[in-house]
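Visitor: The structure under discussion is supplied below as structure tokens; questions concerning it will follow.
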Amino acid sequence: MLYLTRRERFNAAHRMYHPEWTDDKNLEVFGKCSNPNWHGHNYNLFVTVKGEPHPETSLVVNLKELSRVIREKVVEPLDHRNMNLEVDFMEGKIASTENLAMAIWEVLEKEVQVLGVKLHCIRIEETENNIVEYYGEINHGNY
Ligand code: NI
């Protein structure tokens, strides 16, 4: 079994915000990321898939195809957007990197199967210091 990772980048705006809380409580819990006037991050997205190398080509997956799928389904909808307001797969969710990683997993899981591989990890670097990894292990109904 081999693991391949493709990196894509996007930037997006968000606000960490629980709609049932006051601005003060949101600030207390989420800090600067709860700024009511939004702010943005330059995100690094790492999509890791796993599979066996093809006997003729030795390739696990065509990385061009993988990149195309990630861009079309994930990067295009997010890039230069406000993820609280205009990204379908984040609708109704707190715009955390945790939720983003789980949402991207849901979007890509079947897409990469079409390419003959399994999704292994969604890693999102929101900043150099704040990084989330998701391996598909949580019940999707719980967020
Ligand atoms: Ni933020």
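Visitor: Suppose we flag GluC sites (Glu not before Pro) only when DSSP calls them loop and at most 12 other Cβ atoms lie within 10 Å. Which is the longest uninterrupted stretch of the chain?
Guide: 92-127
Visitor: What ³J(HN,Hα) values, in whole Hz, does the Karplus curve 6.51 cos²θ - 1.76 cosθ + 1.60 give for segment 7-20 when θ = phi - 60°, with x put for Gly and Pro?
Guide: Taking θ as phi minus 60°, the curve returns 9, 10, 10, 8, 10, 8, 9, 7, 9, 7, 7, 9, x, 8 Hz for segment 7-20.
Visitor: I've got another one for you. Whole percent per 10 Å bin, from 0 to the bin with the longest distance: what is P(r) over all C-alpha pairs of segment 58-120?
Guide: With 10 Å bins starting at 0, P(r) equals 21, 50, 24, 5, 0.
Visitor: So how strong a dipole does the chain carry about its Cα centre when Lys and Arg Cβ are +1 and Asp and Glu Cβ are -1, to the nearest 20 debye?
Guide: Details: 16 positive and 23 negative charges, 73 e Å.
Computed about the Cα centre, the dipole is about 340 debye.
Visitor: Would you mind giving the average projected area, over all directions, of the Cα convex hull of the chain in nm² with one decimal?
Guide: Numbers: hull surface 36.0 nm².
With every direction weighted equally, the projected area is 9.0 nm².
Visitor: Another one. Apply the a/c threshold of 1.5 to the C-alpha gyration tensor of segment 1-43 and tell me whether it is rounded, prolate or oblate.
Guide: Because a/c hits 1.5 or more and a/b exceeds b/c, segment 1-43 counts as prolate.
Visitor: Can you pull the percent of the chain's accessible area that's carbon plus sulfur, 1.4 Å probe, other chains left in place?
Guide: That share works out to 46 percent.
Visitor: Where Rh is the Kirkwood radius over the Cα pairs of segment 24-78, the temperature 20 °C and the viscosity 1.002 mPa s, what D in µm²/s does Stokes-Einstein return?
Guide: D = 145 µm²/s.
Visitor: Which lysines does Lys64 reach when only Cα atoms under 27 Å apart count, and residues fewer than 8 places away in its own chain are ignored?
Guide: Partners found: Lys50, Lys73, Lys110, Lys118.
Visitor: Something else about it: Under the rule of at least 5 residues apart or a separate chain, name every residue whose amide H is placed under 5 Å from the amide H of Asn82.
Guide: Answer set, sorted by chain and number: Ala13.
Visitor: Still on this structure, please answer the following. Which listed residue (Thr22, Ile122, Ser58) has the Cα farthest towards the positive end of the charge dipole for the chain, taking +1 on Lys and Arg C-beta and -1 on Asp and Glu C-beta about the Cα centre?
Guide: Value: Ser58.
Visitor: Search the structure for amide H atoms under 5 Å from the amide H of Phe10, placed 1.01 Å from N in the peptide plane, and list their residues when 5 or more places away or on another chain.
Guide: Tyr43, Leu45
The values are calculated or read from the model by the stated rules, or taken from the named source; none is laboratory data. On a predicted model such as this, the values are computed, not experimentally measured, just so you know. Counting neighbours? That spans all protein chains shown, and the Cβs are built from the backbone with ideal geometry, glycine included. All accessible areas refer to the heavy atoms of the entire protein, side chains included, with ligands and DNA or RNA removed. Shrake-Rupley method; radii C 1.70, N 1.55, O 1.52, S 1.80 Å.
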